[in-house]
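Have a look at this one before I ask anything.
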């Protein structure tokens, strides 16, 4: 069914890097969600009136909020596909994250209201009537939501969409919530004990958790979340696949929405390399990465002395000193300047964000140990925050 819908509504479906194709995937997921969630809402609303179960009514309005979420997702995909303009030179890709944030607030507000009505139902002591029709409707709802989970996951993986992954997670939690409602009906039928209100509260908690997780997933990229380790390693591997590139550092990945990424880093090349040849090398590397990752790439060239024996030996000494403080520390951009009475050792040290020592303490420890090793050494240290590449 999923493959059929994709074939029917998305031409050039394999070209997911194209913004228009990506938008169509988003539209397909959102429109499918709107139609199915409205149908589920109407079915559960009827079942809720027949059975008098507040938990069924709560589940029905949960599906209505899901339909509203799909509408917001549709708007988000439409706005995210807008081209860059004078005020937004990096495009509007983050609108998808903002729509996800709005959706999460709608879900959480709905869960709070449903929780209130369910809590009052606990003390009402109303009798819950078992209805075969209601039970069948809820069973069909679970089956539909399981398919929607699979459908959203399939589309989400195709275009790497936070919004669609959130919809998939929401569909799975809906299955658990509806299952809890069915359990309450069966329990009441066999024991005569009405736990409908309690299950309504449980459903509300499921809905709230789904909204909170959607909020978290949407806020993280807006704040600037850490890139995937696999993506970072692939960038390193791609850069160092060029024989003349010794290594890279100061890697920055800016996320302006899926398909709107900017990569920048420093690439180390031999200092004796011809300047024009090195410039051409960097241009070739940038072009290769732009084609591979479909994003903007900016590379700064750093010449390093990789054949000078004294520089290599001194760099090893500094590396050992830094590692003696903590194995998670590393250095880059190492160079030396020699004077009559001292030798300046100039380098950057990479310090993790949650490191036990402050930046000034790290610099002081390194300087002290290098001076103890050789009184002529004068460390000129710049601290970089982040992970070692």
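Any read-out appearing in this document is the output of simple, stated calculations on the displayed coordinates, not a laboratory observation. What you see is a predicted model, and the numbers here were worked out from it, not measured in a lab. Using ideal geometry, Cβ is built from the backbone for each residue, glycine included, and neighbour counts are taken over all protein chains shown.
222 nm [θ] for the chain, helices only, -39500 (n - 2.57) per DSSP H run of 4+, per residue, to 500?
-22000 deg cm²/dmol
Put a dot 7 Å past each Cα toward the Cβ at residue 286 and residue 222; how far apart are the dots in nm?
Result for the modelled spin labels: 3.3 nm.
So what's the Cα pair-distance distribution over region 18-85, bin width 5 Å, in %?
Pairs per bin, as whole percents: 4, 19, 21, 16, 12, 9, 8, 5, 3, 2, 1.
Moving to a separate point now. For residue 361 and residue 246, what does the FRET efficiency come to when R0 = 35 Å and r is the distance between their Cβ atoms, rounded to the nearest 0.05?
0.70
Roughly how many Å is it from the Cα centre of region 349-389 to that of region 209-278, as a whole number?
Each part reduced to its Cα centre gives a spacing of 24 Å.
While we're here: Between residue 341 and residue 119, what length comes free when the chain is fully extended (0.36 nm per residue of separation minus the Cα-Cα distance, one decimal in nm)?
Stretched out fully, the residue 341 to residue 119 stretch lengthens by 72.0 nm.
Same structure, new question: With viscosity set to 1.567 mPa s and temperature to 4 °C, compute the Stokes-Einstein D of the chain, Rh being the Kirkwood radius across alpha carbon pairs; µm²/s, no decimals.
52
Further, regarding this structure: Separation between the residue 384 and residue 205 pseudo-spin-labels, each 7 Å from Cα along Cα→Cβ, expressed in nm?
Distance between label points: 4.7 nm.
What's the center-to-center distance, using Cα atoms, between region 130-152 and region 80-95 in Å?
Using only Cα atoms to place each centre, the spacing works out to 39 Å.
Also: In degrees, nearest 10, range 0 to 90: what is the angle between the Cα axis of helix 54-80 and the longest Cα principal axis of the chain?
40
Between residue 87 and residue 279, 0.36 nm times their residue separation minus their Cα-Cα distance comes to what? Don't skip to the end; give the middle numbers.
On the way: separation 192, 0.36 × 192 = 69.12 nm, distance 3.19 nm.
In short, 65.9 nm is gained.
Is any residue of region 334-361 close enough, with backbone N under 17 Å, to a label point placed 7 angstrom from the Cα of residue 324 along the Cα-Cβ axis, and if so, which?
Answer for this model: 345.
Could you tell me how many degrees, from 0 to 90 and to the nearest 10, lie between the Cα long axis of helix 275-293 and the main elongation axis, the longest principal axis, of the Cα atoms of the chain?
10
Is the shape of region 309-385 rounded, prolate or oblate, going by the alpha carbon gyration tensor and its root eigenvalues a ≥ b ≥ c, with a/c under 1.5 for rounded and a/b larger than b/c for prolate?
Verdict is prolate for region 309-385.
Please tell me the relative contact order of region 175-259 in percent, rounded to the nearest whole number, where contacts are Cα pairs under 8 Å and at least six residues apart. Working shown, then result.
On the way: 34 pairs, mean separation 16.3, N = 85.
Over region 175-259, the number comes to 19 percent.
Each label point is 7 Å from the Cα along the Cα-to-Cβ direction; what then is the distance between the points at residue 38 and residue 14, in nm?
Reported label-point gap for residue 38 and residue 14 is 3.5 nm.
Give me the orientation-averaged projected area of the Cα convex hull of region 119-264, in nm², one decimal.
Details: hull surface 48.1 nm².
The number I arrive at for region 119-264 is 12.0 nm².
Using only the C-alpha atoms of region 2-223, find the volume of their convex hull and express it per residue in Å³. Working shown, then result.
Values: hull volume 23.1 nm³, N = 222.
Per-residue hull volume (Cα only) is 104 Å³.
Quick one: go through region 227-252 and flag any residue whose amide nitrogen is under 16 Å from the point 7 Å out along the Cα-to-Cβ line of residue 295.
Of the residues in region 227-252, 227-239, 249-252 have backbone N under 16 Å from the label point off residue 295.
Let me ask something additional. Relative contact order of the chain, please, whole-number percent, based on alpha carbon pairs below 8 angstrom and at least 6 residues apart.
Value for the chain: 13 percent.
Here's another thing I want to ask about it. Mind checking the angle between helix 196-223 and the chain's longest principal axis? C-alpha axes, 0 to 90 degrees, to the nearest 10.
30
A further question follows. By how many nm would the segment from residue 193 to residue 238 grow when fully extended, if each residue of separation counts as 0.36 nm and the alpha-carbon distance is taken off? Let's see the in-between values first.
Details: separation 45, 0.36 × 45 = 16.20 nm, distance 6.42 nm.
Full-extension gain reported as 9.8 nm.
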